[in-house]
């Protein structure tokens, strides 16, 4: 047996300060989008090999995890003194494709509102699908994986551990999925705000609105009826809006008898 395989068989060098998965048993991803990511990988026939990376992920063998456009890199401590470099690559969307995506998201108030609030809409994949795009890869050809370890299988346990911690990072920040595809959180939200800017109140409209404290004196009264001067209706707006009551007291309409009481009450 080659010397390198004997060396690997000794098990990983335990480290402190690594990135540990929060989940201690069962499934590592928690949200629908991170679970979807792992389901996609398992659909490529990686299920059995992915399981080998769970112990590494939970033991903190991944020393560092970085995500940039198209590439995720994990430094994973194996049985050798030098950590292995595990890389997972995906094709980023083009600027033109992102322009279509952003217009579609900005045009649908619910999606834009959720994203601006830092949430991932549950059917976001459908928006991409309607544009002929896919948020998650549909075939293994859309992913590239490699590791500096001597294991020829893909994914090796170092790549598998990186996949699980990547999924967990998606739990913490779903915008990382979009950043992996080529659009950072800040860029996307700034673009959505710009596209939806026409719905914001203009400065002229805002200045025309009076603050609430300017209306406290008449907040509980109704506006004067059409054709009635402010002086005639002052203090008795409710009576002026009512139909004349067919009642009189000593020949005086009840409405007129009630006016002094209503006027005193409002004053």
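The values are calculated or read from the model by the stated rules, or taken from the named source; none is laboratory data. Quick caveat, the model's predicted, so the values are computed rather than measured. Quick reminder, even Gly has a Cβ in these numbers, built from the backbone with ideal geometry, and neighbours come from all protein chains shown.
Computed quantities for the displayed model
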| quantity | calculated |
| --- | --- |
| Residue 189 assigned by TED's automatic domain parsing to the domain that holds residue 71, part of a helix (DSSP H, G or I), under 21 Å from residue 107 (Cα atoms) and touching a residue at least 60 places away in the same chain (Cβ under 8 Å) | yes |
| Given (1) in contact with a strand residue (DSSP E or B) (Cβ under 7 Å, 6 or more places away or on another chain); (2) crowded, with 20+ Cβ neighbours inside 10 Å; (3) closer than 26 Å to residue 142 by Cα, index of the condition residue 83 fails | (3) |
| In region 140-168, the residues that are part of a helix (DSSP H, G or I) and surrounded by 19 or more Cβ atoms within 10 Å (Cβ to Cβ) | 157, 158, 159, 160, 161, 162, 163, 164, 165, 166, 167, 168 |
| Selection status of residue 159, over 29 Å from residue 192 (Cβ atoms) and either touching a helix residue (DSSP H, G or I) at 6+ places or on another chain (Cβ under 8 Å) or assigned by TED's automatic domain parsing to the domain that holds residue 61 (or both) | yes |
| Of the criteria (1) part of a loop (DSSP other than H, G, I, E, B); (2) surrounded by fewer than 14 Cβ atoms within 10 Å (Cβ to Cβ); (3) in contact with a strand residue (DSSP E or B) (Cβ under 6 Å, 6 or more places away or on another chain), which one residue 64 fails | (1) |
| Given (1) at pLDDT below 80; (2) out of contact with any helix residue (DSSP H, G or I) (no Cβ under 9 Å at 6 or more places or on another chain), number of the condition residue 39 does not satisfy | (1) |
| Residue in region 115-123 that is touching a helix residue (DSSP H, G or I) at 6+ places or on another chain (Cβ under 6 Å) and assigned to a loop (DSSP other than H, G, I, E, B) present | yes |
| All positions within region 169-185 that are out of contact with any strand residue (DSSP E or B) (no Cβ under 8 Å at 6 or more places or on another chain) and either part of a loop (DSSP other than H, G, I, E, B) or not assigned by TED's automatic domain parsing to the domain that holds residue 97 (or both) | 173, 174, 182, 183, 184 |
